[in-house]
Amino acid sequence: MNKRRRQLMGSVSALLVLDLVCLTIGIVAAILIRLGPEYLSEYLFHRVQSWIFYVASICLAHYVSGSYGLQLKVSSFNQVINWLFAVLMALLIVSITSYTWLEMVVGRGVLGLAIGIYSILWLGVNGLLYRYVLIRPRFASRVATLGTGPAAVELAAMMTAPSIRPMHTLVAGLHLCPVGGEGPEEQWNGVSRLTVSPQKLAECLHRLQVRTLIISPDYLPEEPALYPYLRRLRFEGIHVLDPLTVAEIYVGRIPLKMIDEQWLTHAGSSLAPVETMRLKRIMGSIIASMALILLLPLGLAIALVIKLDHFSAPVFFRQRRVGHFGREFSMFKFRTMRPGADREKAVWSPVNDPRVTRLGRILRRYRLDELPQLINVVRGDMCLVGPRPEQPQIVAELEKIISFYRERENVLPGITGWAQIRHPYGASVEDSRRKLEYDLYYIMNLSLTLDLRIILRTLRIMVLGLERQAP
């Protein structure tokens, strides 16, 4: 999975070069404007270490936030968040290195001007690039499918979604046949359906300028002699992706119908080490403790408003949830429902739940009702990011219906998670099945960088009060 992903990320590595160009222009322009051309050489080369720290921190921040990778959903807000994160990281690193050396190696005026010029260039160039350049057919990544059944149509739709950058275009559906069995060209799914022999497969794909070949699950060649030709394509510069890899990369989930116990056992052997998960937990506890202190005035204000809305009702809502390895714990939230609703039978909260108060709807819209769960993070019941914990009664019901549902308990539950930012709110078995697919993707790709991307996306939802949208 990771090797294939790196191959796809390589197709947009030019963004890193573009970023370096913007950074260089910003630094040179800042020195010229602030100090004049006579100081350019001295200020640039005599302080080269500081500039390297500055450039490296910007590039590292963009890499961590996914700016250089395949973009599944482009928005101006996401670009601004990535830019803001990169600038803050650069200021932090430059400040730390400067004070460590007991001197301000780069002047604040020059540094501020360099960041300002770079910001204008980066936001402007990236806006033009994603909205007007990477959507043009000449820059599109050309895709073909091996197989033309319903599953091939579904996989092609995943890769050619209009929100993906660079744009992907389906150019043909292929069917393999023995030598001499080539048939006439037909129409399929708006493109050509071609029948080719394995010996001519590479030649056909190069003629079509295909960069990625998808092997459809409804077309799996039974003749072992065909597989060497498929493997050889990787050495011809053509990415060959199986259905599960397509789903992971382009929609960020692991479809349950494509996996079994053997796959889960094998995939689990390459998961993040215990040390990474322990570091994730420690960092989460530190961040949650700081957030509780900083957000205390907001929490007190919310508590006061809840009391004014219904004086006899408690401020906090406590509910038993299933956590790490199936252990139950009490999860805290600000009360958003009418008094007594928590004593009713465990059910999903539907859209426009009549039990939710008018104040509760506002708190839920901006996710402010989740703030007390920072206490759960400090206590070690939860992490900042992870699968959302469910009620024991609902878990007992879902594990009978949905395969591998208990797999989500192998990591600490979170306040927010991959499923929460990728799938709209739902209250059904089918919604739970789809969320599990996203949770499995998160567990199989668990990393601090993925957590950071989830947190940044969650902040967007909180700040704008947006509903989660399926990509």
At q = 0.17 Å⁻¹, what log₁₀ I(q)/I(0) does segment 185-237 have when each alpha carbon counts as one equal point scatterer in the Debye sum? -0.59
So which aspartates and glutamates pass the test for Lys333, namely a Cα distance under 18 Å, with those fewer than 8 places away in the same chain ruled out? Asp309, Asp342, Glu344, Asp353, Asp369, Glu370, Asp381, Glu390
For segment 35-43, take each phi angle, set θ = phi - 60°, evaluate the Karplus expression 6.51 cos²θ - 1.76 cosθ + 1.60, and give the result in whole Hz per residue in order, putting x for glycine and proline. 10, x, x, 5, 9, 4, 4, 5, 6
Hey, what D do you get for segment 139-251 in µm²/s if you plug the Kirkwood alpha-carbon radius into Stokes-Einstein at 4 °C and 1.567 mPa s? 92
Quick one: 3J(HN,Hα) in Hz for segment 396-404, Karplus 6.51/-1.76/1.60 with θ = phi - 60°, rounded, Gly and Pro as x. 4, 6, 6, 5, 7, 9, 10, 5, 6
Taking amide H positions as placed in the peptide plane 1.01 Å from N, state which residues far from His168 in sequence (5 or more) or on other chains have amide H under 5 Å from it. Ser141
Note, segment 134-151: 3J(HN,Hα) by Karplus (6.51, -1.76, 1.60, θ = phi - 60°), whole Hz, Gly/Pro = x, goes 6, 9, 7, x, 5, 9, 6, 8, 8, 10, 10, 10, 9, x, 9, x, x, 5
Please report the equivalent ellipsoid semi-axes of segment 274-464, computed as sqrt(5 x eigenvalue) of the Cα gyration tensor, largest first, in whole Å. 25, 21, 15
Starting from the Kirkwood Rh over alpha-carbon pairs, what translational D in µm² s⁻¹ does the chain have by Stokes-Einstein at 20 °C and 1.002 mPa s? 84
For Val240, enumerate residues with amide H under 5 Å from its amide H, sequence gap 5+ or separate chain, H modeled in the peptide plane. Leu213
Given 329-336, 286-293, 184-191, the highest-first ranking by average Cβ count within 10 Å works out to 329-336, 286-293, 184-191
Highest mean first, how do 374-383, 202-211 rank when packing is the count of other Cβ atoms within 10 Å averaged over residues? 374-383, 202-211
Chymotrypsin sites (Phe, Trp or Tyr not before Pro) within segment 274-319: which are DSSP loop residues with at most 15 other Cβ atoms inside 10 Å? Phe311
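With n ≥ 4 as the cut-off for DSSP H runs, can you work out [θ] at 222 nm for the chain, using -39500 (n - 2.57) per run divided by the number of residues, rounded to the nearest 500?
For the chain, the value works out to -16000 deg cm²/dmol.
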Built amide H within the under 5 Å cut-off of Phe317, gap 5+: Lys333, Phe334, Arg335
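Only the coordinates and a few stated rules stand behind these numbers; no lab work does. Values in this document were obtained by computation on a predicted structure and should not be read as measured data. Because the Cβ atoms are built from the backbone with ideal geometry, glycine has one as well, and the counts that use them run over all protein chains shown.
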